[in-house]
Amino acid sequence: MTAKDLAKRLDGREYPLKIGADILEEAQKDGLVILYGYSDDLAIFEGAISDDWGCYDGCTIFLNSGGLLRNECGRDDCPYYKKGLESAKSIRAIYGAKGYDWIFETDIPHEVFEIIEEDGNKFCLGIVFSIMDL
């Protein structure tokens, strides 16, 4: 399965997004990552990366092929975090833009899918990308 195929399968689904185990298993096998917003404060990663990131009002998330890059030192001058940033890719999680609660911007090659609310309002423009592009 490609990122484009997976994005097509997810496009138009209703919030909260529920992804079946079969799709998640296939995404993981094919090295694909699904990223979408949840509530007003979370970015959810599923598939080849399974994690979440708190980003109330938006944030920038750094990641590499090992997953999300976290500052485990808890201080701004952490040498391990700085070293990780050198090779990390970034994704901007933006809250309340372009008519959606959540959108994501990144230079990582990706495909986009839309999540709608039960009433038909736009909720999120999620993305699908390959872990190989990290």
When you scan region 66-125, how many residues do you find that are small (G, A, S) and within 13 Å of the chain's Cα centre (by Cα)?
-> 3
May I ask you to list pairs of residues, at least six apart or on different chains, whose Cβ atoms are under 7 Å apart, with the first in region 1-25 being touching a residue at least 60 places away in the same chain (Cβ under 8 Å) and over 16 Å from W102 (Cβ atoms) and the second being among the small types (G, A, S) and assigned to a strand (DSSP E or B)?
-> A3/S130
Could you list all residues from region 105-118 that are touching a Gly at 6+ places or on another chain (Cβ under 7 Å) and not aliphatic (A, V, I, L, M)?
-> F113, E114
Condition met for D107 (under 24 Å from D5 (Cβ atoms), in contact with a Pro (Cβ under 7 Å, 6 or more places away or on another chain) and open to solvent by 50 Å² or more (accessible area, probe 1.4 Å)) | no
What's the number of the condition G31 fails, among (1) over 26 Å from I116 (Cβ atoms); (2) small (G, A, S); (3) within 13 Å of the chain's Cα centre (by Cα)?
-> (3)
Going by the conditions given, is E46 acidic (D, E) and touching a helix residue (DSSP H, G or I) at 6+ places or on another chain (Cβ under 7 Å)?
-> yes
State whether one or more residues within region 119-128 are touching a Gly at 6+ places or on another chain (Cβ under 6 Å), free of Cβ contacts under 8 Å to residues at least 60 places away in the same chain and open to solvent by 60 Å² or more (accessible area, probe 1.4 Å).
-> yes
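The values are calculated or read from the model by the stated rules, or taken from the named source; none is laboratory data. Everything numeric here is computed off the predicted structure, so don't read it as measured data. So basically every Cβ, Gly included, is an ideal-geometry build from the backbone, and we count neighbours across all protein chains shown. Each accessible area value is taken on the protein alone, full model and side chains, heavy atoms only, with ligands, DNA and RNA left out. Shrake-Rupley method; radii C 1.70, N 1.55, O 1.52, S 1.80 Å.
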